[in-house]
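Working notes for the structure below.
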Amino acid sequence: PVLLGEKLVMPIHPRHRGRVMWDLAVIALLMYIIVVAPFVFGFSIEAEGGFKLFEQAVDAFFIIDVFVNCLTGMVDERGVVNMNLRVSLRAYLRGWFTLDFVSSVPWEWFGENHKNSGVGATLNVRVL
């Protein structure tokens, strides 16, 4: 456990069933993006209605995923689970954090395309 402000935070075990289900949801959404992104870019499709709402939910999911990753223990190169949150957070920040952050933030929300659904540039970076 680590103090975060005034709250005690327990790290998430990387092999916990809930964490594994979360990772499966990430994989499913990435597969969705891999299928949808070429159509969105190729035909300049602008999300509307339920599709727009779903795309915004996907954006929110990936933003939350960055925080979930920050709070998850790590498995080292020997396969040993390390639940020291400071060690695992440091490893995450030095490793996948930059790519996760850049690909999770719906950057178009901050530019001219704010009215767009979030389908555009974020999809492109996530596929990477």
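The values are calculated or read from the model by the stated rules, or taken from the named source; none is laboratory data. All of these numbers come straight from a predicted model, not from anything done at the bench. As a convention, Cβ positions derive from the backbone with ideal geometry for all residues, glycine included, and neighbour counts pool all protein chains shown. Just the protein is used for accessible areas: all its heavy atoms, side chains included, with ligands, DNA and RNA removed. Shrake-Rupley method; radii C 1.70, N 1.55, O 1.52, S 1.80 Å.
Here are the numbers for the structure shown:
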quantity: Carbon/sulfur fraction of accessible area - the chain, other protein chains in place, 1.4 Å, %; calculated: 67
quantity: Paramagnetic reach from I64 in region 76-113 [backbone N under 16 Å; point 7 Å along Cα→Cβ]; calculated: 104-106
quantity: Dipole-positive endmost among S103, F62, A91 within the chain (Cβ charges, Cα centre); calculated: A91
quantity: Relative contact order of the chain, pairs being alpha-carbon contacts under 8 Å that are 6 or more residues apart, as %; calculated: 30
quantity: Cleavage-rule hits, GluC sites (Glu not before Pro), region 24-109, DSSP coil, Cβ neighbours within 10 Å at most 15; calculated: E46, E48, E77
quantity: Neighbour cut-off at most 10 other Cβ (10 Å), DSSP loop, chymotrypsin sites (Phe, Trp or Tyr not before Pro), region 18-61; calculated: F43
quantity: Label-point separation in nm, M83 to M10, each point 7 Å along Cα→Cβ; calculated: 0.8
quantity: Solvent-accessible area per residue for region 1-111 (1.4 angstrom probe, square angstrom); calculated: 67
quantity: On Cα atoms only, tilt of 49-70 relative to the major axis of the chain in degrees; calculated: 20
quantity: With at most 15 neighbouring Cβ atoms within 10 Å, loop trypsin sites (Lys or Arg not before Pro) (DSSP) excluded, longest segment of the chain; calculated: 16-77
quantity: Convex hull of Cα atoms in the chain, direction-averaged projection (nm²); calculated: 9.3
